[in-house]
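Engineer: Pasting in a structure now, in structure tokens, and then I'll have a few things to ask.
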There are 2 protein chains.
Amino acid sequence: MNKNTKEITALKDHLAKHQLKLTRQREHILNVFLRTEHVTAEQMYRQLAKKDPHIGLATIYRTLNLFCEAGLAQARHFGTQTQYDNVSHKGHHDHLICTSCGKIVEFENEEIERLQEEVAHTHGFTIQTHKLELYGLCSSCRH
Amino acid sequence: MNKNTKEITALKDHLAKHQLKLTRQREHILNVFLRTEHVTAEQMYRQLAKKDPHIGLATIYRTLNLFCEAGLAQARHFGTQTQYDNVSHKGHHDHLICTSCGKIVEFENEEIERLQEEVAHTHGFTIQTHKLELYGLCSSCRH
DNA sequence: TAGTTTATTGAGATAGTGAATCAATTTCAT
DNA sequence: ATGAAATTGATTCACTATCTCAATAAACTA
């Protein structure tokens, strides 16, 4: 336990700044969330529904959105669903997604990030966040 | 007129290859679609609903998906909606999106594309397509 | 600690997007 | 022109995510 101290502190900071409260549910959802890489609200709900007393679906949605605002999670629209990525323990990362088997590989590339800043600057934009997804075939699916 | 000849031909090719038919609706939707950069099915529907006889919403969805399969359009999940981008007259392009006013600026960057290939290669992936979106504030919204 | 204020929760209702259904219609090869 | 096959459009349906609101819980104050 308590590799999560840092994240719980980050959450508490955010809550304090916005006059929000630390609830049993929020803490519970955070603990489960920190153990995953990518998760949908629905998956999270099923994961938590086993416990008793269980947590309502609306609360899962609200809390995952809260995590996004607190910088602990990042929402990613993937097909028809929204995936919430855990970005607390590692910096921002981008994704390589296999269109055949669905495998997701994360990566980071300083040079690409730098070029993004450059592009944004030439168009007068200040970047807040970005999303880069590469779709293709992984080595096993290419045969 | 008929800068669109090329695209209509591309559509006809696709239809022929898949035993599909060229209908008044498909032609009509294509003509309107080619005049736009980004559009949702709903926007397209309202755009076309003025005409008489008007075109059903289901047909819009089906046809925009058809355009994607034919390589004339590209679907992009933006928040809860799906935007269809016109990619017929220009190559693939990426987006700068203002989180305040919603303005979308397109850009292309050879160097970034090259680095993407590089990253994919080191992970054993073969890229089919990609999506790069930079979110931030445009010059007017930054004040 | 008890009391009070304020945010949160959960169950269900609601909104919205996109796809499925199917009878009527249109396309297109013959 | 004819007929097989695809398409259309109105509607229904499935699904995701948000909203509503009474009941509850958190956190501040005395």
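The values are calculated or read from the model by the stated rules, or taken from the named source; none is laboratory data. Computed from a predicted model, the values in this text were never measured in an experiment. Ideal geometry is used to build each Cβ from the backbone, glycine not excepted, and the neighbour counts take in all protein chains shown.
Engineer: For residues that are closer than 16 Å to B:Tyr61 by Cβ and either more than 13 Å from DNA strand D (Cβ to nearest atom) or of a type in the set (S, T, N, Q) (or both), scanning just segment B:14-29, find the one that is surrounded by the fewest Cβ atoms within 10 Å (Cβ to Cβ). Step through it out loud before you land on a result.
Structural biologist: Initially, segment B:14-29 is screened for residues closer than 16 Å to B:Tyr61 by Cβ, giving B:20, B:23, B:25-26, B:28-29.
In the following step, the residues that additionally are either more than 13 Å from DNA strand D (Cβ to nearest atom) or of a type in the set (S, T, N, Q) (or both) were identified as B:23, B:25.
Working: B:Thr23: 13, B:Gln25: 17.
Across segment B:14-29, the extreme among qualifying residues is B:Thr23.
Engineer: Which pairs have Cβ atoms under 7 Å, sit 6 or more apart or on different chains, and link a residue in segment B:63-75 that is within 14 Å of chain A (Cβ to nearest Cβ) to one that is part of a strand (DSSP E or B) and more than 14 Å from DNA strand D (Cβ to nearest atom)?
Structural biologist: From residues that are within 14 Å of chain A (Cβ to nearest Cβ), the pairs are B:Cys68/B:Gln74; B:Cys68/B:Ala75; B:Gln74/B:Asp85; B:Ala75/B:Tyr84.
Engineer: Check B:Glu118, B:Glu106, B:Glu133 and return the single one that is more than 16 Å from DNA strand D (Cβ to nearest atom) and assigned to a helix (DSSP H, G or I). Reasoning before the result, please.
Structural biologist: Values: B:Glu106 fails: assigned to a helix (DSSP H, G or I); B:Glu133 fails: assigned to a helix (DSSP H, G or I).
Unique residue meeting the criteria: B:Glu118.
Engineer: Can B:Ile112 be described as under 30 Å from B:Leu15 (Cβ atoms) and not in a loop (DSSP other than H, G, I, E, B)? Reasoning before the result, please.
Structural biologist: Numbers: under 30 Å from B:Leu15 (Cβ atoms): no; not in a loop (DSSP other than H, G, I, E, B): yes.
No.
Engineer: Let me ask you something else. Does at least one position in segment A:39-46 carry a residue that is surrounded by fewer than 15 Cβ atoms within 10 Å (Cβ to Cβ), touching a strand residue (DSSP E or B) at 6+ places or on another chain (Cβ under 8 Å) and within 23 Å of A:Lys131 (Cα to Cα)?
Structural biologist: Step one: list which residues in segment A:39-46 are surrounded by fewer than 15 Cβ atoms within 10 Å (Cβ to Cβ), which gives A:42, A:46.
Next, from what is left, pick out any that are touching a strand residue (DSSP E or B) at 6+ places or on another chain (Cβ under 8 Å): A:42.
Cutting the leftovers down to within 23 Å of A:Lys131 (Cα to Cα) gives us A:42.
Yes; the residues of segment A:39-46 include at least one that is surrounded by fewer than 15 Cβ atoms within 10 Å (Cβ to Cβ), touching a strand residue (DSSP E or B) at 6+ places or on another chain (Cβ under 8 Å) and within 23 Å of A:Lys131 (Cα to Cα).
Engineer: Looking at (1) at pLDDT 90 or above; (2) under 20 Å from the mean Cα position of the chain (by Cα); (3) under 23 Å from B:Tyr135 (Cα atoms), which one does A:Thr59 not meet, given that it meets all the others?
Structural biologist: Every listed condition holds for A:Thr59 apart from (3).
Engineer: Here is a list of conditions, (1) near DNA strand D (Cβ under 10 Å from one of its atoms); (2) within 15 Å of the chain's Cα centre (by Cα), and B:Val32 meets all of them except one; can you say which number that is?
Structural biologist: For B:Val32, the exception is condition (1).
Engineer: Does segment A:6-13 contain any residue that is surrounded by fewer than 16 Cβ atoms within 10 Å (Cβ to Cβ), outside any strand (DSSP E or B), within 10 Å of DNA strand D (Cβ to nearest atom) and at pLDDT 95 or above?
Structural biologist: The first filter runs over segment A:6-13 and keeps only residues surrounded by fewer than 16 Cβ atoms within 10 Å (Cβ to Cβ), leaving A:6, A:9, A:12-13.
Going one step further and asking which of them are outside any strand (DSSP E or B), we end up with A:6, A:9, A:12-13.
Narrowing the set further to residues that are within 10 Å of DNA strand D (Cβ to nearest atom) leaves A:12.
Now narrow it down to the ones that are at pLDDT 95 or above: A:12.
The answer is yes; a qualifying residue exists.
Engineer: Checking the structure you have, find out if any residue of segment B:94-104 is within 12 Å of DNA strand C (Cβ to nearest atom), touching a residue at least 40 places away in the same chain (Cβ under 8 Å) and buried (at least 16 other Cβ atoms within 10 Å of the Cβ). Full working, then the answer.
Structural biologist: Just the residues of segment B:94-104 that are within 12 Å of DNA strand C (Cβ to nearest atom), to begin with: none.
For segment B:94-104, residues within 12 Å of DNA strand C (Cβ to nearest atom), touching a residue at least 40 places away in the same chain (Cβ under 8 Å) and buried (at least 16 other Cβ atoms within 10 Å of the Cβ): absent.
Engineer: Could you tell me whether any residue of segment A:113-129 is facing chain B (nearest Cβ under 7 Å), surrounded by 14 or more Cβ atoms within 10 Å (Cβ to Cβ), more than 24 Å from B:Ile97 (Cβ to Cβ) and of a type in the set (A, V, I, L, M)?
Structural biologist: No, the conditions are met nowhere in segment A:113-129.
Engineer: So A:Leu20 passes all but one of these: (1) within 14 Å of chain B (Cβ to nearest Cβ); (2) within 16 Å of DNA strand C (Cβ to nearest atom); (3) assigned to a loop (DSSP other than H, G, I, E, B). Which condition number does it fail?
Structural biologist: Result: A:Leu20 passes all but (1).
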